[in-house]
Amino acid sequence: MDTIYAEATARGKAGVAVVRISGPLSFAAVEILAGDIPKPRRTALRVLKDAEGAVLDEALVLCFEEGASFTGEQSAELQLHGSIAIVRSVLAELSRIDGLRPAEAGEFTRRALDNERLDLTQVEGLADLIDAETEAQRKQAMRVFSGAISEKVDVWRQLLIRAAALIEATIDFADEEVPVDVSPEVLELLGRVTDELNREIEGSHISERIRDGFEVAIVGPPNIGKSTLLNALAGRDAAITSEIAGTTRDVIEVRMELDGLPVTVLDTAGLRETSDVVENIGIERARSRAELADIRVVLLPHAGAQPEIAPREGDLVLIGKDDQGAFGTASISGATGHGVSDLVAHVSSILSERSTGSAVATHERHRIAMTSAVRSLDAARNEVLLGQDRTEIAAEFLRTAIYDLDCLVGRIDVEAILGEIFSSFCIGK
């Protein structure tokens, strides 16, 4: 197996830069650069030199024995001064050592998966952790990376193996009189796992929203203050404001954090009848995005006006451009700030309440695997209810459900999705 290396920290100037090495020649590479190998898992200050003996840098060196590292392989980390030139020179020196090559994107994590240091869901959790921008995203990704999904799958798997064993026993002794009817226990086990899977499937939609971000759409007719409100929420001029109707032609997105939750606020084209082809395209996009948004802030031109989009639970309907606050809590103004804090509080409250129903499953792939398992369990349950003559079919459906759970954590059938997962990783991870 090749020994790989890469910069593990972000490129550019920094206080510290870390170069990671993993593979059977890791210690040999450290010895070539540093002269000797520090004791494993103990940091040591070493002067790194090139092949001609010129000093590259004074660095902290940390070595890990096989089985005790992130990848599960013999590995090392060089903690350098964060100079672009230093990092470049150290990487160049490593490239001259026979048996070493630069790591590919996500290759360190791929080796951790291959060496069973992580399962597939933990790999996905790590990717989400790297991408996390808000506290809610960090906490959720940390749960997955820590093995929360794997723990649940292990419990479900054991319960289903118990159910399968009971069914197999009735098959093995089909020609004999079995003194105990196992179907009540089998049905109880199947029902328990099915209920827990359904709860996870339902909560996974919220978990995906936390990972990808909730959407709040500002909608209403032209010149009602949508872009001004977006700018007030963003704290900057994210959208062009003008008294000319139809200024906003496309959906403008601004990402922000509200009470630790990731939120994308959408400024949409003014909803009206128009003969302008381009503006009509923007209006259709506005309606489409508003329909998919988690919350809509519907602005009205005056009291008693009918909203252009029918409000749903959690939506806010407000009179726009009420700079003086004449309508109190029923209105808002991005120009003066009237009602903006109340809007933020409302959105934060609604989204925080919805987030309480999140699950540990965070990806569509997780939901697909669990949904497939539920279908198999429902089929197995129906076969058990049809009587002992159908036990072999029930056992086959149970094996399919266990297979689906194994696919979820990557015990089997993993190759087809690895490319997609690791494409999001940086080189040093």
Look through 65, 58, 52 and report the one residue that is open to solvent by 50 Å² or more (accessible area, probe 1.4 Å), of a type in the set (D, E, K, R) and touching a Pro at 6+ places or on another chain (Cβ under 7 Å). 65
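Could you list, in sequence order, all residues of segment 90-108 that are aliphatic (A, V, I, L, M) and surrounded by 14 or more Cβ atoms within 10 Å (Cβ to Cβ)? It would help to see each step written out before you state the result.
Filtering segment 90-108 for residues aliphatic (A, V, I, L, M) gives 90-92, 94, 97, 100, 103, 105.
Scanning segment 90-108 gives 90, 91, 94, 97, 100, 103, 105.
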Test: residue in segment 91-103 that is within 28 Å of the chain's Cα centre (by Cα), touching a residue at least 12 places away in the same chain (Cβ under 8 Å) and closer than 30 Å to residue 359 by Cα: no
Options 169, 165: the member that is under 38 Å from the mean Cα position of the chain (by Cα), open to solvent by 30 Å² or more (accessible area, probe 1.4 Å) and at pLDDT 75 or above: 165
In segment 337-388, how many residues are open to solvent by less than 40 Å² (accessible area, probe 1.4 Å) and touching a strand residue (DSSP E or B) at 6+ places or on another chain (Cβ under 9 Å)? 7
Cβ contacts < 9 Å: first residue at pLDDT 65 or above, restricted to segment 276-299; second residue buried (at least 22 other Cβ atoms within 10 Å of the Cβ) and aromatic (Phe, Trp, Tyr), any location; separation 6+ or different chain. Result? 293/214; 294/214; 295/214
So the helices (runs of 4 or more DSSP H) completely within segment 356-429 holding 3 or more residues that are more than 20 Å from residue 146 (Cβ to Cβ), hydrophobic (A, V, I, L, M, F, W, C) and at pLDDT below 90 are 415-422
Qualifying residue in segment 63-81 (condition: touching a strand residue (DSSP E or B) at 6+ places or on another chain (Cβ under 6 Å), of a type in the set (S, T, N, Q), part of a loop (DSSP other than H, G, I, E, B) and free of Cβ contacts under 8 Å to residues at least 60 places away in the same chain): yes
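The values are calculated or read from the model by the stated rules, or taken from the named source; none is laboratory data. Treat the numbers as computed from the prediction; the structure is a model and nothing was measured. Cβ atoms come from the backbone with ideal geometry, glycine included; neighbour counts cover every protein chain shown. Each accessible area value is taken on the protein alone, full model and side chains, heavy atoms only, with ligands, DNA and RNA left out. Shrake-Rupley method; radii C 1.70, N 1.55, O 1.52, S 1.80 Å.
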